[in-house]
Amino acid sequence: MKALRLLPVGLLLVTSVAFAATAQDQKADPALRQLFLTQLQAKTPDEALDKHIETERLRVRKAELAELNALVASANAEDDETAQPATVLQKQSALVEILLARKQETTVDIDLLGEDGVALDQNMADAKGAALDGARRRKAELLSQNAVLEERLSATVEVLAQQEDRLQRLTAQERYANFAGVLQVAMYVAILFFIIMVERLVRRRLIVRIRDRNRRYFVVKIFTGTVYVLTIGWILYRVSGNYPGFVTSFAIVGAGIAVALQSIIKDIVGWFIIVQKRLFRIGQRVTIGGFTGDVADISLLRTTLVEVNNSIAPDIARVGQPLYLPNSMVLEGPVLNYHATSDFMEAEIPVTVTFSSDWKKAEQILQNILRDEVGKYVERAREQHAYRTAHFFASQEPPEPRVFVELASDGVFFLLRFQIPIGSKRSIISSIARKILEQFSSSTPKIDLAYKTMQLVQ
């Protein structure tokens, strides 16, 4: 592209060199030489002859102006509205440099002719006869060449002044265009900054008043995403309209950016998979690549979890620390969603009573406690299970609270299984344990819990 822009300047330089060579060959003017020779041979001044010389000089000057204007016209032949301002400025700068070189060359030639004229005047003072006639012819030729060069210099100075003035205007326009471009970029930055401030103001002062957390979160996401998508789309539309080559340049640069920012591209693809496949939603408890937590936010690049303790003890209680995971992890490892089938999980409580206790009554007490404490969760768990597993196979639905009976070496073993909300295991098991202890101790006859003992026999 730069070579194409410099091509007109190169052609202009070639044309100017040819023009200068032609001008160098035509320094002497026959008509002026004859007039100066007649003037040198005349014994008295002749006003008519002087006017004739001035007329011929004016003719030479007009011819020089015509040639220079032809050079200028050739240089500006392609300077229309479709030409690039930078190319026009380069051509004009080259034209001014050519005219300056022509002016300098003409000035040097005039000085050299002046030195030759001084030496010739000294020879004419002592010359007589044929030598004097030859000296006069040489003097007339020098005067003719000097007149041509002076008119050429005058024409060059006149055209140079015009072209320098045009160069200054083009330079000013180029600077204004560059400054206007900077102002336009600054305007877009200012608009973007203003939109960011307004978006934050609306989000922190108005949307925060929505009391429902889920609704507030989704309103924030929809509002923020809509604002930024519309803003970026508007800026791209305006920039592509003002700079038609922006789209092509952006595509080329975008390919390089895509290679350099592969991890970010993966994060965006991961976000698309999370949203499109509904791997998890806000508030659900998940395990991603060994990290367990409650989903607090799903952004374009990161998923924020409120970390939980996923130790061997199946409690997974909240720790409360935010954990930021790249979305690309859902593409590279397993994702466990505890809420995939329902918001409930199955828990167990082992209870062992002595053989001497009324195990049937103990079983009835345990069943009544489970029915009162966790029986309310069964129907909700089944409804969620039926809805969330509609698109894939699930072997069974959540069962009723159950009490299993087994014989153990130290008593009758009961295993309690029941559905509880995810994250509420500690509190619910604690409540059930209290009621078991209270009702076992108040039962008549008393139901004793079995435990391992050691008896020393002497």
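The values are calculated or read from the model by the stated rules, or taken from the named source; none is laboratory data. Since this is a predicted model, take the numbers as computed values, not measurements. So basically every Cβ, Gly included, is an ideal-geometry build from the backbone, and we count neighbours across all protein chains shown.
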Pick from the stretch 289-305, criterion among the β-branched types (Val, Ile, Thr) and surrounded by 18 or more Cβ atoms within 10 Å (Cβ to Cβ), ranking: nearest to Lys266 (Cα to Cα): Thr303
Test: residue in the stretch 414-423 that is more than 16 Å from Pro350 (Cβ to Cβ) and either in the same structural domain as Arg281 (by TED's automatic domain parsing) or in a loop (DSSP other than H, G, I, E, B) (or both): yes
Contact list please: Cβ distance under 6 Å, first residue in the stretch 215-235 and closer than 14 Å to Leu300 by Cβ, second residue surrounded by fewer than 13 Cβ atoms within 10 Å (Cβ to Cβ) and not β-branched (Val, Ile, Thr), pairs at least six apart or on different chains. none
More than 30 Å from Asp294 (Cβ to Cβ), part of a strand (DSSP E or B) and either at pLDDT 85 or above or assigned by TED's automatic domain parsing to the domain that holds Asp294 (or both): is that true of Leu407 in this structure? yes
Condition check: at pLDDT below 85, assigned to a helix (DSSP H, G or I) and under 22 Å from Leu99 (Cβ atoms). Does Glu174 satisfy that? yes
Check whether at least one residue in the stretch 310-325 is more than 26 Å from the chain's Cα centre (by Cα), outside the structural domain of Lys425 (by TED's automatic domain parsing), hydrophobic (A, V, I, L, M, F, W, C) and modelled with pLDDT of 85 or more, and report yes or no. yes
Give, as residue ranges, the helices (runs of 4 or more DSSP H) completely inside the stretch 1-106 that count at least 3 residues that are modelled with pLDDT under 75 and in contact with a helix residue (DSSP H, G or I) (Cβ under 7 Å, 6 or more places away or on another chain). 2-25
Take Ser427 and tell me if it is closer than 30 Å to Phe291 by Cα, of a type in the set (Ser, Thr, Tyr) and in a loop (DSSP other than H, G, I, E, B). no
Would a scan of the stretch 179-196 turn up a residue that is at pLDDT 80 or above, over 16 Å from the mean Cα position of the chain (by Cα), surrounded by 11 or more Cβ atoms within 10 Å (Cβ to Cβ) and within 30 Å of Val295 (Cβ to Cβ)? yes
